[in-house]
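Enquirer: Please find one structure pasted underneath; my questions will follow.
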Amino acid sequence: MNIILLGPPGSGKGTQSYKLVEKYALSHISTGDILRSQITDKTSLGIEAKKYMDKGELVPDQLIIDMVSSTTKNLESILLDGFPRTINQALSLEKEMENLNKSIDYVLYFDVPFDDLINRLSQRVSCKNCSKTFSKSDEEYICLDGCSSQELYQREDDKPSAVSKRMETYKELTEPLLEFYEKKSLLSKIRANSSILEVSLQIDKILQ
Ligand code: AMP
């Protein structure tokens, strides 16, 4: 089973992906996480990507496409989180899957009102060690759900100046993917402004 998680920043894709990976034995590919680890390792891709990410812009398609195709090649059941984000990336993924004799089975669209997203992102802290995200109001100092690290921080691109740019970018470049996948009858809409458990139940119903 191959799944794409689609939705604006802060819509809960990352949180649900950790649950899905365990439940359905999927390989999690989060392009944001891969890029952040490239930045930590100061690779040339990381250094290049950081310039765009800090401003809330998308990293150029070709860099992302090459990065994903080298990762997905040998995997069986994949959960794509944060990719594709442009029509160009979606077309390239389609070609790649076709070459590998695979297909996308579900595109789960995380629908959340934009006002809720801005709030969520401004309250969000991330674990430096395992990348899981939490609301500041949950527990500010420890990565509860994952690795117990005490290194929680606010991502540069979750700061207000970058958040509005990320939302604009989402609307302009990523939102057209909804129609793209709807036409292929792959799109399922999730009401993602519910609790983590409720969102998870909605997803289970679709994947049953
Ligand atoms: P995320 O963790 O998914 O919110 O991604 C953080 C940032 O990484 C995005 O704002 C982009 O700058 C970059 N990024 C992640 N995935 C992609 C992608 N598929 N295409 C272009 N840029 C991406």
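The values are calculated or read from the model by the stated rules, or taken from the named source; none is laboratory data. Note that the coordinates shown come from a computational prediction; the quantities given were computed from them, not determined experimentally. Cβ placement follows ideal geometry from the backbone for every residue including glycine, while neighbour counts extend to all protein chains displayed. Only protein heavy atoms, including side chains, enter the accessible area calculation; ligands, DNA and RNA are left aside. Shrake-Rupley method; radii C 1.70, N 1.55, O 1.52, S 1.80 Å.
Enquirer: For residues that are without any contact (Cβ under 8 Å) to a residue 40 or more places away in the chain and open to solvent by 20 Å² or more (accessible area, probe 1.4 Å), scanning just region 68-85, find the one that is nearest to Pro8 (Cα to Cα).
Expert: Of everything passing the filter in region 68-85, Ser69 is nearest to Pro8 (Cα to Cα).
Enquirer: A further question on this structure: How do the strands (runs of 3 or more DSSP E) wholly within region 101-163 filter down when requiring 1 or more residues that are at pLDDT 85 or above and of a type in the set (A, V, I, L, M): which remain?
Expert: 106-111
Enquirer: Being outside any loop (DSSP other than H, G, I, E, B) and modelled with pLDDT under 95 is the filter here; which residues of region 173-206 pass it?
Expert: Ile196, Leu197 - these are the residues of region 173-206 that are outside any loop (DSSP other than H, G, I, E, B) and modelled with pLDDT under 95.
Enquirer: If we only count helices (runs of 4 or more DSSP H) wholly inside region 1-72, which ones have 2 or more residues that are over 24 Å from Leu117 (Cβ atoms) and among the hydrophobic types (A, V, I, L, M, F, W, C)?
Expert: Where helices (runs of 4 or more DSSP H) fall fully within region 1-72 and carry at least 2 residues being over 24 Å from Leu117 (Cβ atoms) and among the hydrophobic types (A, V, I, L, M, F, W, C), they are 44-53, 61-72.
Enquirer: Moving on. Looking at Ser194, Ser185, Ser200, which one is within 22 Å of Ile78 (Cβ to Cβ) and open to solvent by less than 60 Å² (accessible area, probe 1.4 Å)?
Expert: Sole residue among the options that is within 22 Å of Ile78 (Cβ to Cβ) and open to solvent by less than 60 Å² (accessible area, probe 1.4 Å): Ser200.
Let's see how each residue does on (1) in contact with a Ser or Thr (Cβ under 8 Å, 6 or more places away or on another chain); (2) near the ligand (Cβ under 9 Å from one of its atoms):
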{"residue": "Leu6", "(1), (2)": "yes, no"}
{"residue": "Thr31", "(1), (2)": "no, yes"}
{"residue": "Val68", "(1), (2)": "yes, yes"}
{"residue": "Thr72", "(1), (2)": "no, no"}
{"residue": "Phe83", "(1), (2)": "yes, yes"}
{"residue": "Lys102", "(1), (2)": "no, no"}
{"residue": "Val112", "(1), (2)": "yes, no"}
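Enquirer: So is Gly56 open to solvent by less than 20 Å² (accessible area, probe 1.4 Å), of a type outside the set (A, V, I, L, M) and free of Cβ contacts under 8 Å to residues at least 12 places away in the same chain or not?
Expert: Judged against the criteria, Gly56 is not a match.
Enquirer: For the subset of region 166-179 comprising residues that are charged (D, E, K, R) and more than 9 Å from the ligand (Cβ to nearest atom), which member is farthest from Met53 (Cα to Cα)?
Expert: My answer is Glu179.
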